[in-house]
Amino acid sequence: MKKYVCAALGACASIALMAHAAAAETKVGLLLPKSGNYAALGQEIDDGFVMALEEAGMADDFTLVREDSEAKPPVGVAKARKLVLQDEVDAMVGIVSSAVLGAVRDFVDGSKVPLIVANAGNDAATGASCSKYIVRVSFSNGQVNRPMGSWMAEQGIKKVYTLAPDYAAGHQMIDAFTESFTAAGGEIVGSEYTPFGKTQDFGPYLTTAKAASPDAIFVFYAGGEAISFVKQYDSFGIKKDIPLYGSGFLTSPLYVKAEGPAAIGVKTSLHYVPTLDTPENKAFVAAFKAKFDRPPSEYAVQGYDAARVLVEAVKAGANDRESIAEGLTKVSYTGPRGPLTIDPATNNVVQNIYIYETVADGDALTQKIIGTVPEVRDPANGCSLK
Amino acid sequence: MVADVDFWLTQFLNGLQLSMLLFLLSIGLTIIFGLMHFVNLAHGALYMVGAYAGVSAAAALGNFWAALLIAPIAVMLVGIFLYAAIIRHMRRAGPMNQVLVTFGLIFVIVDLVRIVWGDIALGMAQPAILSGPAEFLGVVYPAYRLFIIAVGLIVMAALSLVLSRTQIGAMVRAGVENDAMAACLGINVERLFFAVFCVGCALAGLAGAIAAPVFSATPSMATDILIPTLIVVVIGGLGSLRGAIAGSLIVGFIQTFGAVVMPEFASVLVYVLLAAVLIVKPAGLLPARS
């Protein structure tokens, strides 16, 4: 009798082991900032990622290894090496900072581990320095801002003053906007870049911008800077004379609550807005609210889609680094932000860009979509994947 | 645009507003340093705690003015705890140990704040009476910023009155000048240190609570403000009220007008000045001990 029990237990155990081995065969390294200024974004992306795995019922099929990039390039490189060489992950997901993405690019490309970029928008990552192994599901800096330039020109806005933090993303966002705005007949009457991470008081810049008397001001700010900027813009009383436009990160759902009524009337462009009226998005927002008790931001969607493209690739049969890299570029579906495909020419996402206004909804703030630019595709910018 | 009087007046107010905020922070730091010979790098973290305490108090009570009262008291209590638990034992430990310990404290306090309040920046509403623009000397300027300037000027006046005209002020000045001699004359220097430390912490808390509606409360504000404050203290001269006033005005105006006149160099200008002061007058422009 004892022998049978032993045998039965042994069999059960080995079946369980086999099942476990078969299920947890894809190992994913999540390289996100867990400390510092970008910690909140990292958490949003992580939440979205986990939610997509659970929604697909495949949470057990992926082993997650989390590393803190601290949004610092040297740390990011060290952690990427650790994930690839020590943990031997099949794919990496994350990267919030463009500087970290730039730093890990050569290592990722050389070690041939697929990397799904879930935020960093550096144009070059899917342009001149693109890689077969780097797929971006978030956005590129140019992609988000280019449509806004032509749209604002169409609205009859002639003269614009621009402001952004003085670092790569700030310059790329403003450059893309300027290019399409001037091509559509608009004029940039002034432009300033504020010291990145060191500017808390925008008073001097706002006073200078106002003195240039433009029709509108277009800015890119994110995170804590966005909150300070929007509030200070309002307090100087400029909003009623010169409307504020910007990159959608300015009034992201993640920060709009802290901005308060100051954000009302600000018009921005972004690749995702939580009030998007599609069945896919409504289901996503409801599920996210039920799980985390807050509306999802664009960062959460980026994390969600990073997991979803990975799930789709694995479902289609990808099981090692090479086949996952291959499979990711073939994924295409309609998700929370609308139709999403990966451009085989650059490995950047092709997606709709929405222009939305932040409006009051009782005591809270919500987003009203006032324009949609469908399926925005980045030019190859020197990338030659295909 | 640059010939416009309104433009320059507004920029002048911007500079004054930044100076006052820097003053509220640096005065505590500089007096603590001058009197106690203690380098408290965690001063910036106390400013952050003041901002968060202000945000929470304002949210809980729905009253901005109550928050402005509670935040300095809360920060003072944190300061008293730090004093009793750590700083008192570090008084004779030498500057390097003090710097290391208080530098470590920054990270501890920042992470505690992140655990309690989270990573996402929190906003604080301005009181209705101060929200929106006001008319001042013919220019339209945010009423709340005028309020910051007023608070800074009031604190400045009160402190200089106390330090120059009262017995406590005389004791503090004696302690800064020569603490051993002050102790010989029957002044309880240790108790004086403690009182001054509490006032310094409370002012950091006040600065945090006042800054929160403009800059919002974020975990990064602890380190963001520390360097400008240290520069103010070094430029002005350690331990002196007049030095803190001069230093904060210089740094505030250089940052503001640097951003207007030569934005490419705005962030470097202050450091250039710092280097120049250290070369020409290593003790600062208006040091307490001549």
Some residue of segment A:349-372 being modelled with pLDDT of 90 or more, aliphatic (A, V, I, L, M), crowded, with 17+ Cβ neighbours inside 10 Å and in a helix (DSSP H, G or I): no
Positions within segment B:122-134 being within 7 Å of chain A (Cβ to nearest Cβ) and either assigned to a helix (DSSP H, G or I) or at pLDDT 85 or above (or both), in sequence order: B:122
Verdict on residue B:207 being within 14 Å of chain A (Cβ to nearest Cβ) and buried (at least 17 other Cβ atoms within 10 Å of the Cβ): yes
Selected residue [more than 20 Å from residue B:25 (Cβ to Cβ), within 14 Å of chain A (Cβ to nearest Cβ) and part of a helix (DSSP H, G or I)] from B:214, B:272, B:251, B:268: B:268
Pair list, Cβ < 8 Å and 6+ apart or interchain, from segment B:118-141 residues that are among the aromatic types (Phe, Trp, Tyr) to residues that are part of a loop (DSSP other than H, G, I, E, B): B:141/A:236
Residue within segment B:278-288 that is in a helix (DSSP H, G or I), in contact with a strand residue (DSSP E or B) (Cβ under 7 Å, 6 or more places away or on another chain) and under 30 Å from residue A:193 (Cα atoms) present: no
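Matching residues to (1) farther than 18 Å from residue A:264 by Cα; (2) in contact (Cβ under 8 Å) with a residue 40 or more places away in the chain; (3) touching an Asp or Glu at 6+ places or on another chain (Cβ under 9 Å):
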{"position": "A:183", "(1), (2), (3)": "yes, no, no"}
{"position": "A:193", "(1), (2), (3)": "yes, no, yes"}
{"position": "A:198", "(1), (2), (3)": "yes, no, yes"}
{"position": "A:204", "(1), (2), (3)": "yes, no, no"}
{"position": "A:212", "(1), (2), (3)": "yes, yes, no"}
{"position": "A:217", "(1), (2), (3)": "no, yes, no"}
{"position": "A:220", "(1), (2), (3)": "no, yes, no"}
{"position": "A:223", "(1), (2), (3)": "no, yes, no"}
{"position": "A:237", "(1), (2), (3)": "no, no, no"}
Conditions (1) among the β-branched types (Val, Ile, Thr); (2) touching a residue at least 40 places away in the same chain (Cβ under 8 Å); (3) closer than 25 Å to residue B:238 by Cβ: number failed by residue B:101: (2)
Residue count, segment B:43-84 (criterion: within 14 Å of the chain's Cα centre (by Cα) and farther than 16 Å from residue B:199 by Cα): 2
Any hit, segment B:144-156, residues being more than 22 Å from the chain's Cα centre (by Cα) and loosely packed, with under 15 Cβ neighbours inside 10 Å: no
Odd one out for residue B:187, checked against (1) modelled with pLDDT under 90; (2) in a helix (DSSP H, G or I); (3) hydrophobic (A, V, I, L, M, F, W, C): (2)
Qualifying residue in segment A:267-283 (condition: free of Cβ contacts under 8 Å to residues at least 40 places away in the same chain and at the interface with chain B (Cβ under 10 Å from one of its Cβ atoms)): no
Selection from segment A:230-262 of residues that are more than 10 Å from every other protein chain (Cβ to nearest Cβ), crowded, with 22+ Cβ neighbours inside 10 Å and not β-branched (Val, Ile, Thr): A:233, A:244, A:245, A:246, A:247, A:248, A:249, A:250, A:252, A:253
Within segment A:109-224, strands (runs of 3 or more DSSP E) holding 1 or more residues that are crowded, with 23+ Cβ neighbours inside 10 Å and away from chain B (no Cβ under 12 Å): A:115-117, A:134-136, A:159-165, A:216-219
Pairs where the first residue, in segment A:86-97, is in a strand (DSSP E or B) and the second is surrounded by fewer than 24 Cβ atoms within 10 Å (Cβ to Cβ) and of a type in the set (S, T, N, Q), C-beta under 9 Å, 6+ apart: A:91/A:26
Residue among B:227, B:279, B:254, B:235 that is modelled with pLDDT of 90 or more and within 16 Å of the chain's Cα centre (by Cα): B:235
Residue count, segment B:62-86 (criterion: closer than 16 Å to residue B:213 by Cβ and surrounded by 13 or more Cβ atoms within 10 Å (Cβ to Cβ)): 9
The lone exception for residue B:119 - which of (1) away from chain A (no Cβ under 14 Å); (2) under 19 Å from residue B:46 (Cα atoms); (3) of a type outside the set (Phe, Trp, Tyr) it fails: (1)
Residue B:107 being touching a residue at least 60 places away in the same chain (Cβ under 8 Å), within 14 Å of another protein chain (Cβ to nearest Cβ) and surrounded by fewer than 18 Cβ atoms within 10 Å (Cβ to Cβ): no
Condition broken by residue B:91, with the remaining ones in (1) modelled with pLDDT under 85; (2) farther than 27 Å from residue A:263 by Cβ; (3) within 14 Å of chain A (Cβ to nearest Cβ) satisfied: (3)
Residue that is touching a residue at least 24 places away in the same chain (Cβ under 8 Å) and under 21 Å from residue B:120 (Cβ atoms), where the choices are A:255, A:245, A:333: A:255
Selection from segment A:30-77 of residues that are in a loop (DSSP other than H, G, I, E, B) and polar (S, T, N, Q): A:35, A:37, A:69
Of all residues in segment B:87-98 being touching a residue at least 12 places away in the same chain (Cβ under 8 Å) and in a helix (DSSP H, G or I), the one that is surrounded by the most Cβ atoms within 10 Å (Cβ to Cβ): B:87
Tally, over segment A:136-167, of residues that are free of Cβ contacts under 8 Å to residues at least 24 places away in the same chain and either in contact with an Asp or Glu (Cβ under 9 Å, 6 or more places away or on another chain) or among the charged types (D, E, K, R) (or both): 1
Residue identified as crowded, with 19+ Cβ neighbours inside 10 Å and within 30 Å of residue A:89 (Cα to Cα) among A:336, A:344: A:336
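The values are calculated or read from the model by the stated rules, or taken from the named source; none is laboratory data. Quantities reported herein were computed from a predicted structural model and do not represent experimental measurements. So basically every Cβ, Gly included, is an ideal-geometry build from the backbone, and we count neighbours across all protein chains shown.
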